[in-house]
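Heads up, the thing below is written out as C-alpha cells.
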Amino acid sequence: ASSPMGDSALRGLFGELWCLARFARHSLQAVDYWVGPDDQPQDFISARGAIEVKTTGRSPARRIMISTIDQLDDTGHDFLMLVVISALEDPQGTTIPDLVEQLVDLDVDETKLLDRIAKAGLQEEDFGEAAKLRLRVTDEFAYDVRAGFPRIVASSFSPLLPPGIS
C-alpha cells in the first residue's frame, strides 16, 4: 500500500526486469523487445517469437493468473515461452533499482530503459519507495507454449475448457 504501484505490480515489473537483465547479457537490444509496458499481449516480442513473464510471491508457483485471452496465444509467433518466476520477500534480496543498475552496467540504453519503466508505471523519483520491496528469486521455470499446453485462448471456449484449466 505504501509503494507507488503496489506490491503485486512491482513484483510483476521486477520479473520483467529480471528477465530483461538475463536477455541483455546476450543482446543490448533486448530492451527494444520489452513491450510489456505497451500493453502488448506478451512481455517480450521479437520478429521470431514472444515471451510472457509471470512473477508470483509463492514458491513453488503452481498456479498463475493470466490477464487476457491473448497472453498465451502463439498465433503469429514462431514460438511462445511462458516464464514463471517465484520471487519471495527477503531483506537481503534484490530491488528494482538494483536491476536497473545491473542493466545500465551492461550498457543498455538507459534513457530507453527508464522510459519503458515509467511507461510500466514506476517513475524514477519513486525508485526509493520501490526499493523497499526486496525479492529473492527462488524458482524459474520456462514452458514452451504449443498445442497441448494448458491455456486459455479464444478457441478454448468451444465446447469446454481444456484439461488443466480452472
Is there any pair linking a residue in segment 74-88 that is closer than 11 Å to Ser46 by Cβ to one that is part of a strand (DSSP E or B) and of a type outside the set (A, V, I, L, M), with Cβ under 9 Å and at least six apart or on different chains, and which?
His77/Gly49; Asp78/Gly49; Phe79/Gly49; Phe79/Asp144
For segment 82-113: of the residues being touching an Asp or Glu at 6+ places or on another chain (Cβ under 6 Å) and not hydroxyl-bearing (Ser, Thr, Tyr), which is most open to solvent (accessible area, probe 1.4 Å)?
Val104
Return yes when Gln40 is more than 23 Å from Arg146 (Cβ to Cβ), open to solvent by 10 Å² or more (accessible area, probe 1.4 Å) and either assigned to a loop (DSSP other than H, G, I, E, B) or modelled with pLDDT of 95 or more (or both) and no when it is not.
no
Before we move on, is Phe23 surrounded by fewer than 16 Cβ atoms within 10 Å (Cβ to Cβ), within 16 Å of Ala142 (Cβ to Cβ) and either modelled with pLDDT under 95 or not β-branched (Val, Ile, Thr) (or both)?
no
From (1) open to solvent by 70 Å² or more (accessible area, probe 1.4 Å); (2) among the hydroxyl-bearing types (Ser, Thr, Tyr); (3) assigned to a strand (DSSP E or B), pick out the condition that doesn't hold for Thr75.
(3)
Residues in segment 108-153 that are over 29 Å from Asp73 (Cβ atoms), of a type in the set (Phe, Trp, Tyr) and not in a helix (DSSP H, G or I) total 0
Which one is farthest from the chain's Cα centre (by Cα) among residues in segment 43-72 that are open to solvent by 50 Å² or more (accessible area, probe 1.4 Å), farther than 17 Å from Phe14 by Cβ and hydrophobic (A, V, I, L, M, F, W, C)?
Ala47
Counting only residues that are acidic (Asp, Glu) and free of Cβ contacts under 8 Å to residues at least 24 places away in the same chain, which one in segment 99-142 is farthest from Trp34 (Cα to Cα)?
Glu125
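The values are calculated or read from the model by the stated rules, or taken from the named source; none is laboratory data. Not measured: the values here are computed from a predicted model. Note: ideal-geometry Cβ built from the backbone for every residue, glycine included; neighbour counts use all protein chains shown. For the accessible areas, the whole protein counts, side chains as well, though only heavy atoms, and no ligand, DNA or RNA atoms are used. Shrake-Rupley method; radii C 1.70, N 1.55, O 1.52, S 1.80 Å.
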